[in-house]
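Asks: Starting off with a structure, shown below.
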Amino acid sequence: MKGEEWIRDLVKIALELEQIDCGDSSCVFAARKTGMRTNGGCRCLKDEVKPELRRILHRLAFATRKLPPEARLFAEEVPK
Ligand SMILES: [Zn+2]
């Protein structure tokens with residue numbers, strides 16, 4: 001995949017969102033929901049972040065899930 005360095009940076013930042021996980025079965029951020037999960041909705045960043053910012057992060061997390069595999073590979077490439 002061809003692209004500029006700024007795209008790589010943005011994809012890397014977006015992929016970091018997948019590391020966030022509250023352990024709920026409907027966690028908005030967690031990429032892999034394994035093991036015992038709670039119910040009741042995603043609690044990620046609920047008390048730490050203002051609702052407006054949390055909404056933006058949710059949207060970014062949803063958009064990140066739609067990244068094609070080649071975008072993920074591109075982000076992991078070491079630039080020459
Ligand atoms: Zn969550």
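Asks: Can you pull out the residues in segment 1-37 that are loosely packed, with under 13 Cβ neighbours inside 10 Å and within 16 Å of the ligand (Cβ to nearest atom)?
Replies: Those that are loosely packed, with under 13 Cβ neighbours inside 10 Å and within 16 Å of the ligand (Cβ to nearest atom): E16, Q19, R32, K33, T34, G35, M36.
Asks: Same structure again: Would a scan of segment 41-55 turn up a residue that is of a type in the set (G, A, S), within 12 Å of the ligand (Cβ to nearest atom) and assigned to a loop (DSSP other than H, G, I, E, B)?
Replies: Yes, segment 41-55 has at least one match.
Asks: Could you give me the residue pairs with C-beta distances under 6 Å whose first residue belongs to segment 55-80 and is more than 16 Å from I13 (Cβ to Cβ), whose second residue is surrounded by 10 or more Cβ atoms within 10 Å (Cβ to Cβ) wherever it lies, and which are 6+ apart or on separate chains?
Replies: E70/M1
Asks: From the set of residues in segment 10-38 that are of a type in the set (A, V, I, L, M, F, W, C) and not in a loop (DSSP other than H, G, I, E, B), which is nearest to the chain's Cα centre (by Cα)?
Replies: Out of the qualifying residues, it is L17.
Asks: Can you pull out every residue in segment 57-77 that is part of a helix (DSSP H, G or I) and basic (K, R)?
Replies: Those that are part of a helix (DSSP H, G or I) and basic (K, R): R59, R65, R72.
Asks: For segment 29-49, does any single residue satisfy the condition of being of a type in the set (D, E) and out of contact with any strand residue (DSSP E or B) (no Cβ under 7 Å at 6 or more places or on another chain)?
Replies: Yes; the residues of segment 29-49 include at least one that is of a type in the set (D, E) and out of contact with any strand residue (DSSP E or B) (no Cβ under 7 Å at 6 or more places or on another chain).
Asks: Shifting gears a bit: Hey, among A75, A61, which residue is of a type outside the set (S, T, Y), near the ligand (Cβ under 10 Å from one of its atoms) and out of contact with any strand residue (DSSP E or B) (no Cβ under 6 Å at 6 or more places or on another chain)?
Replies: Every option except A61 fails the conditions.
Where a number appears in this text, it was derived from the coordinates with a stated rule and is not lab data. Keep in mind the model is a prediction, meaning the values are calculated, not measured. Methodologically, a virtual Cβ is constructed for each residue, glycine included, from the backbone with ideal geometry; neighbour enumeration extends over all protein chains shown.
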